[in-house]
Structures are given as structure tokens and as C-alpha cells.
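Below is one structure, written out as C-alpha cells, with a few remarks after it.
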Amino acid sequence: MTKITLGKGINAGLRAAMEADPKVVVMGEDIGKLGGVFRVTEGLQKDFGEDRVIDTPLAESGIIGTAVGLALRGYRPVCEIQFDGFVFPAYDQIINQVAKMHYRSMGKIKMPVVIRIPYGGGIGAVEHHSESPEALFAHVNGLKVVTCGDPVDAYWMIQQAIASDDPVVFFEPKRRYHEKAELDESVPPALPLHQAKVVREGADATLLCYGPMVKTCVQAAEAAVEDGRNLEVVDLRTISPFDLPTIFASVKKTGRAVVVHEATLSFGPGSEIAARVSEECFYHLEAPVLRVTGFDTPYPPSRMEEEYLPDLDRVLDGVDRVMGY
Amino acid sequence: MSESVPGTPPEVFAPVEVPVSPAQPPEEVEFVQLLTPEGERVEHPDYSFDLDDEAIKGFYRDMVLVRRIDAEATALQRQGELGLWASLLGQEAAQIGSGRALNAKDMVFPTYREHGVAWCQGVNPLNLLGLFRGVDQGAWDPKDNNFHLYTIVIGAQTLHATGYAMGQQRDGVLGGGVDGDAGEATIAYFGDGASSQGDVNEAFIYASVFNAPVVFFCQNNQWAISEPIDRQTRIPLYQRAAGFGFPGVRVDGNDVLATYAVSQQALKRAREGSGPTLIEAYTYRMGAHTTSDDPTKYRLNEDLEHWKLKDPIERVHAYLSRHAGVDHDFFDEIDAEGDKIAAELRAGCLALPDPQLTDFFQHVYVEETPQLAEQRAQYAAYAASFDGEG
């Protein structure tokens, strides 16, 4: 049992995966000696060498495009994109090559590529460093999109993502890198990669969230107790494909759902959840599915981000509204 | 300014002289040539063709057969049996020369026009048609023939090739044997248009800094659909390699002896661990970009007539007739073989089964997701609801 942060959980998970499989290579900008700008890969190059922990040229399409080639050669590349807003030069390779290779080859080619992206706001950063582009990847067939909400999940989910023969976009909630939890590596992971997790059981309404918003929603649920409300919190963990059975079970139980994410409202993950829940849980719903999210603007200058980002009060406001029906 | 004194930047920083136009007439282009358009062998100080006339006869056969396959595919498109075809007409020497220089373990990353290289690698020509007929998106297993699927997004495959070569490097398969030639290399095909893509330039950088065993084989066929080469570059493409830190060479892309010799040397260099090379095969796209294109709108017929005189097959025919004692029977047999292959290709194309949409859901992921399984089942039920109707 060790106390680790979310960032160290990913680091330890990467290390475990590299020890287990010599074909796992880690690649990205500044990930070697520096250990990445968030130190997530700290110490790996020292222990695994420059051939397996590759400091790449500063070109994101190159990172993903060469990862495709390495995967074709039998490697399992884990690519780090330094910040959410810097993934777009690689977007073509991700969408047209990584995501489609299995399909277009009728399953003859597998693409076990993991693309790690620190994402989300709340760290007072300059523009392009606080974005939540997960819907842009969840919309792409052939990709799996996951995100961890706590250090234990971080440790196990990165290993499960690396073990996946499908390409996985692995979003890391950068403002939670320093959250701490107890990890016992000897206890196997409780859930498969693409299963959602009920992190708090409740009866009155369901908060559906992931990544950085899991902590926010748990805090909101605890605060709601004072108002006499017993909220259920579901950490979705996988954005594509959603674990619909877990979502449906919770919403059928509570009759009310609020989806919470930092990403923009329109065409966001919450839109898909609302549609699916309305199809499957229509006769159980006491209220429409509501969404508490970032707004339909580009990410704002950081002095305004606290207003832009869903926080405890905005989540509770959403709960008030969903309870008002 | 050009005088070098201590403390001043090296001459690489001197003002760039604008070189001759890349669209210069072909007779003024300097390149490696070992067989003239008239069919005469010529010497080159750095490259020689060291195979015998039997090998040249083999190259001739390859080129005639792939031209015949290409013509049949174009005809199939014209008759509505293919949705599209990208003809290799005029580029046979570039593809056969480089393709025949490959060793069994070398890996190929093609564009969508490398039918000649596919032939050299033993890919069934019928498999090439599936993509263009719309029954699949590449039916061959790249591992069977070390020939990756066709890549349509321009230049994307150059990064895949570089990454694959980085994998070869990590697998420790460089060097060994006589002169290190037992190693493995990767070759990336692309065109003059692709040379403007970011991915191609990133591939050059990655290959260079990691010293990856990859050969960049650019078929400069002078045209990117309607855009001439001077819309892509102001210097000869092969000269760009110097800026990335590896050798570049321009070869007469219509000379199969020269493309073979130049490719062989570059591949050997890669296999022994000496890093990448850029080859610019100077050639001409004799046909349209694809069957959807109309080159009469943007280029002169006299250009085409000019390049016809430099035909890659005619010059080998002339050489074999005049200098290798090859008689008509040889040429006639190959023509007959081509007709037979074309007839088989046609029959095979018409017999390709139409795909079923429900068969494709399962290939999106290694395991079909519940969402996809649901959609497939819903569609199957919907489709079945028409059974027994009209």
C-alpha cells in the first residue's frame, strides 16, 4: 500500500507496462530527461533507455504517424501529446490512419496505440493549455476514449489502455495530477477499462461525470446532503464507447440525471448521454436530462476560468433544476 | 559575402541563389541515367547497373505486364466496373526499378498508384482493384508481401514508413552479412505534390534525427492533378534532402536500369545502418491523375508528345533488340502473357462479391462494441423486413 498522486499513478502504470512487455515504447516531446512537462514519465528514460522512451522532434503529426509505423512493426507505442490544444497537428493521422486501420484492413491490422493527452482547465494556463476536446475524438469511430478520475484508476487504466489492441485516446485530468490516494498494486483492478464506476450511491438524482469533474461532483453530492438530497455519482471513465448499462441502471433508479463536463455544451458528451437516456429510460424519467458544462465559447482567458468551469455551486444549481420538475 | 572567415556563419547561411526552374525541359535536367531513351547504355561515375541482360529482360516483362494490367483497369473503369482508377502509365521504370531492388525483408509503404511495386512484391493485381471497385478498402494483408495498404491521404504513409523503420532499428535488424546488406530497410513512395505536405517534411526530420533505415522514393511525375511542379518547389526536389541532413539523388525515372541502381544503393545504405536517402525519380504522368481527371484542361499535348519519346518501355525494347539479340518471339510472348493476365483480371474483377454492410460493423474495433452490435442488429432487422417483398 503506497500513497500516490494521479500523475505518479500513471507513471507507475507506464513503468509496469514497460516491464511487462518489451514492445511498449513511450514517445513524445520532453518526456525523456525532463520526464515530461508534468513529470508523468519521470525516470522512465533512465531505466528503459532512449530507444524505448523517445524524445521526439517537436512535431505532433510525426509522433502519431511514426507511432502507426511502430505499431505496424509490432510495437505498442504510448504517445504523449504535451497539452490538449497541441493535438490538432496530429488530428489527421489519428482520424484517418490510427482510427481506420483496423476497419479498412478488415481486421488484419491492429493499432495498439495509446495517445495520452493532459486535458482540462483550472490551472491558470495560457490559451491552448486548458481545453477539453474529448468529444472531437469520441465522434471518431475506431477510437476508444477514456479518462481517469482518481489515482488508482490512473494506475490501472493506463495499463489496460496499453494492453488494448484498439487505439485508445487517454485523457488525463491535469488539474488532478496531484490528487492523492492509497494504491495497493497487488489488488487487481476492480473494473475492466470500459466500465463505468458508481463512486457514490444515492437515490434522488444521478450526477454523470468523468475526469476532473469526478471530484467536483463527489463534493457537490456531499454538500447536497445538507439540503436533504442523496445524489448518486457515476464516474463514466470511458467516453467512447459509453458504458450504457451502468448509466441506464442509475438513471432508472433515480429518475433524474445531470451530466457534468468541462467540455463545451453543444455536441458535447452530455448531448449523446441525454439522447441515449431519453431513448432507454423514457418512462423512468422524472425530468429531462440536464447538462452542467463549459460554455459554447473558446476556452476563456484564465482569470475567467473559474466562472467558465462547472464547480460545486453550478452542479448544485443543476441538481436544483432537475429536482424542480 | 561568400568568402568564409572565422566567426562568420558557414556558407549554408549565405543568400540562396534561385536555381533553375524545376519545370525545366527534361533534356536539361541532370540526373543519373544508365540507358538513354534511344536504348544505349551509358556510364555514370557513381552508379552502375551490374546485372545481366536476363535481368533486363525480366524488367522489360515486368513493365509491359504492369502497363497491360493498368490499361485493363482503366478500361474497367470506363465500362463502369471500377469507380476510379489511378493510372501508373509512364512511371513503370520508376516503380519496377525500385521495386526489383528490394530484398525479401524490406517493407514498402505505397501511395495509391504503386501498382508496379505491388507487382514486384507479389501482390495479386486483383487485390488492387477492390479499393477502386468499392468492395473493400485494401484486401491484402501487408505482412504477406511486405506491402502496406494503399494510402490515399497524401504523404501520410511517409511517417508510417519512418516509424516502421524505427521499429526495424529497435529490432536490431540493421547491418550484418556482406557489407551490412543482410539488414532490412523500408521504402516510402510519394509524389511531387506530397513533397509539400507537412507529414513528408516531418518524416524527413524524424528519419534524419533517428537515422532510420528508410528510403524516400519520390516519383516526380511533374503534375499534382492540375498543378505543375513549380507550384510545389523552387528547387529540384532531391536537393531538399541536404537541408534535412541526408543524401538526395535525382534519377531518370524512365530508365529502369538507373532507378534500379540508385534504389539498390540507397536501400543498401539504409540496411547497413547509414540512414535515409531521398530519391527523386524524374518522370512524367502520361495519363490523367485518375480516371476522373481531364488533363487537356491544364497541360499541353506537345508536352505529352515530348515525353512519349522518353518512354520507359520503348528504350528497353530498343536495347534488347539491338544489343542483346532478343527477337520478336520474346516480345510477342510477353504481350500474349499480358493479354492473358488482363483477361483473368477482368474476369476476377467482375466476380468480386459485393460486400455486405453488416459484415463491416465488426471491424471497427477488435471486439464489436455493444453500441455497434445494437446498430448492426437493428439494421439487419430493418433489412430483413423487406424479405419476401417485390
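The values are calculated or read from the model by the stated rules, or taken from the named source; none is laboratory data. Predicted model only: the values in this text are computed from it and were never measured. Note that we place each Cβ from the backbone using ideal geometry, even for glycine, and neighbour counts take in every protein chain shown.
Annotations
- Enumeration of residues in region B:73-84 that are over 19 Å from the mean Cα position of the chain (by Cα) and buried (at least 22 other Cβ atoms within 10 Å of the Cβ): none
- Selected residue [more than 14 Å from chain A (Cβ to nearest Cβ), without any contact (Cβ under 8 Å) to a residue 40 or more places away in the chain and either surrounded by fewer than 21 Cβ atoms within 10 Å (Cβ to Cβ) or under 22 Å from A:PRO77 (Cα atoms) (or both)] from B:GLY176, B:GLY172: B:GLY176
- In the condition set (1) without any contact (Cβ under 8 Å) to a residue 40 or more places away in the chain; (2) surrounded by fewer than 20 Cβ atoms within 10 Å (Cβ to Cβ), A:PRO301 is compliant with all but (1).
- Residue, nearest to the chain's Cα centre (by Cα), within region B:249-293, restricted to residues that are among the hydroxyl-bearing types (Ser, Thr, Tyr) and farther than 28 Å from B:ALA165 by Cβ: B:TYR284
Conditions (1) touching a Gly at 6+ places or on another chain (Cβ under 8 Å); (2) assigned by TED's automatic domain parsing to the domain that holds B:GLN265; (3) among the aromatic types (Phe, Trp, Tyr); (4) crowded, with 21+ Cβ neighbours inside 10 Å, marked per residue:
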residue	(1), (2), (3), (4)
B:PHE59	yes, yes, yes, yes
B:ASP62	yes, yes, no, yes
B:ALA86	no, yes, no, yes
B:VAL123	no, yes, no, yes
B:LEU128	no, yes, no, yes
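- A:PRO89 surrounded by fewer than 21 Cβ atoms within 10 Å (Cβ to Cβ) and outside any strand (DSSP E or B): yes
- Any hit, region B:349-365, residues being free of Cβ contacts under 8 Å to residues at least 24 places away in the same chain, loosely packed, with under 13 Cβ neighbours inside 10 Å, away from every other protein chain (no Cβ under 14 Å) and not small (Gly, Ala, Ser): no
- Close Cβ contacts (under 8 Å, 6 or more residues apart or on different chains) running from residues in region A:21-49 that are away from chain B (no Cβ under 14 Å) and surrounded by fewer than 15 Cβ atoms within 10 Å (Cβ to Cβ) to residues that are acidic (Asp, Glu) and not in a loop (DSSP other than H, G, I, E, B) comprise A:LYS33/A:ASP55.
- Residue within region A:274-297 that is surrounded by fewer than 17 Cβ atoms within 10 Å (Cβ to Cβ), closer than 20 Å to A:GLY120 by Cβ and of a type in the set (Asp, Glu) present: yes
- Verdict on B:GLN169 being within 30 Å of B:HIS306 (Cβ to Cβ), at pLDDT 95 or above and among the polar types (S, T, N, Q): no
- Of all residues making up region B:189-222, the number that are assigned to a loop (DSSP other than H, G, I, E, B), within 27 Å of B:VAL29 (Cβ to Cβ) and within 13 Å of chain A (Cβ to nearest Cβ): 1
- Test: A:SER250 is surrounded by 18 or more Cβ atoms within 10 Å (Cβ to Cβ), in contact (Cβ under 8 Å) with a residue 12 or more places away in the chain and within 11 Å of A:LEU208 (Cβ to Cβ): yes
- Verdict on B:THR296 being of a type in the set (Ser, Thr, Tyr), under 20 Å from the mean Cα position of the chain (by Cα) and either more than 23 Å from B:PHE217 (Cα to Cα) or not assigned by TED's automatic domain parsing to the domain that holds B:PRO247 (or both): no
- Of all residues in region A:68-77 being on the phi < 0 side of the Ramachandran plot and out of contact with any Leu (no Cβ under 9 Å at 6 or more places or on another chain), the one that is farthest from the other protein chains (Cβ to nearest Cβ): A:ALA71
- The listed residues are A:VAL152, A:VAL168, A:VAL140, and the only one of them that is within 14 Å of chain B (Cβ to nearest Cβ) and within 15 Å of the chain's Cα centre (by Cα) turns out to be A:VAL168.
- Residues of region A:204-227 include none that is touching a residue at least 12 places away in the same chain (Cβ under 8 Å), among the acidic types (Asp, Glu) and within 14 Å of another protein chain (Cβ to nearest Cβ).
- Condition check for B:GLN91 on (1) over 21 Å from B:TRP307 (Cβ atoms); (2) in contact (Cβ under 8 Å) with a residue 40 or more places away in the chain: one failure, at (1).
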